[in-house]
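Data first, discussion second: the structure below is written as structure tokens.
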Amino acid sequence: MKVNIKIIEKLKEESCTFNIHKVTSFIQDIVSTLEKSSDNYLLAKSTSKDEQEKVPYSNIFYLEYLERKIFIYTNDTIFETKSPLYKLEHDLPNHFFRISKTIIINIHFLNKFSVQPNSNLEAILSNREKVIVSRKYVSSLKKALTRYSKSPLMY
């Protein structure tokens, strides 16, 4: 796909036009990300440093509610924020998906699943981190992944 970028004056409104043959889930993700926020990041405090940082959505593997805090996991750093998980879930782009009461994952980093003896799914992310998909969210996760892959899932 050819990409054209044109720098405009600060006073003009930014806009984006797609010339495409078909609307795919990838294009829908891009549109969702662009529409949801002009700032494509979360502001959070690093757990290793005492400073606020911008954490781009594209770097976030998952978010987890633990001990009355929200932890944001990236490939190499853990951040924390006090924003409630339900608010973050609403504000995040469509490729973030709740898999349990306490975890939201970025499905772009989802590598594979394994079925646990208790019927829960274990999701393995691209950083080899394992998170549990509770039974309540399995069906809706399958539907979301089917929308992304355009083919039925085999589990």
Return the distance in nm (one decimal) between the two label points of a simple spin-label model at Ile132 and Lys112, each offset 7 Å from Cα along Cα→Cβ. 2.2 nm
Per the Kirkwood treatment, what hydrodynamic radius in Å, one decimal, follows for the stretch 76-155 from the mean inverse distance over all distinct Cα pairs? 13.5 Å
Using the Kirkwood radius over C-alpha pairs as Rh, can you work out the diffusion coefficient of the stretch 44-104 via Stokes-Einstein at 10 °C, viscosity 1.306 mPa s, in µm² per second? 136 µm²/s
Filter Lys22/Lys130; Lys101/Lys142; Lys112/Lys143 down to the pairs with a C-alpha to C-alpha distance above 25 Å, please. Lys22/Lys130
Shape descriptor, the chain: equivalent ellipsoid semi-axes (Cα gyration tensor, sqrt 5λ, whole Å, largest first) stand at 28, 23, 12
Convert each backbone phi in the stretch 60-68 into a coupling constant with the Karplus relation 6.51 cos²θ - 1.76 cosθ + 1.60 (shift: θ = phi - 60°), then list the ³J(HN,Hα) values in order as whole Hz, x for Gly and Pro. 7, 7, 7, 10, 9, 8, 8, 6, 6
Average accessible surface area per residue within the chain, 1.4 Å rolling probe, Å²: 71 Å²
May I ask you to give the percent of accessible area on the stretch 43-155 that is carbon plus sulfur, with a probe radius of 1.4 Å? 50 percent
Can you give me the relative contact order of the chain as a percent, contacts being Cα pairs under 8 Å and 6 or more apart? 14 percent
Could you sort 73-80, 101-108, 90-97, 48-55 so that the peptide with the highest average Cβ count within 10 Å comes first and the rest follow in order? 101-108, 90-97, 73-80, 48-55
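The values are calculated or read from the model by the stated rules, or taken from the named source; none is laboratory data. Treat the numbers as computed from the prediction; the structure is a model and nothing was measured. Methodologically, a virtual Cβ is constructed for each residue, glycine included, from the backbone with ideal geometry; neighbour enumeration extends over all protein chains shown. Please note that ligands, DNA and RNA were not included when accessible areas were found on the heavy atoms of the full protein model with its side chains. Shrake-Rupley method; radii C 1.70, N 1.55, O 1.52, S 1.80 Å.
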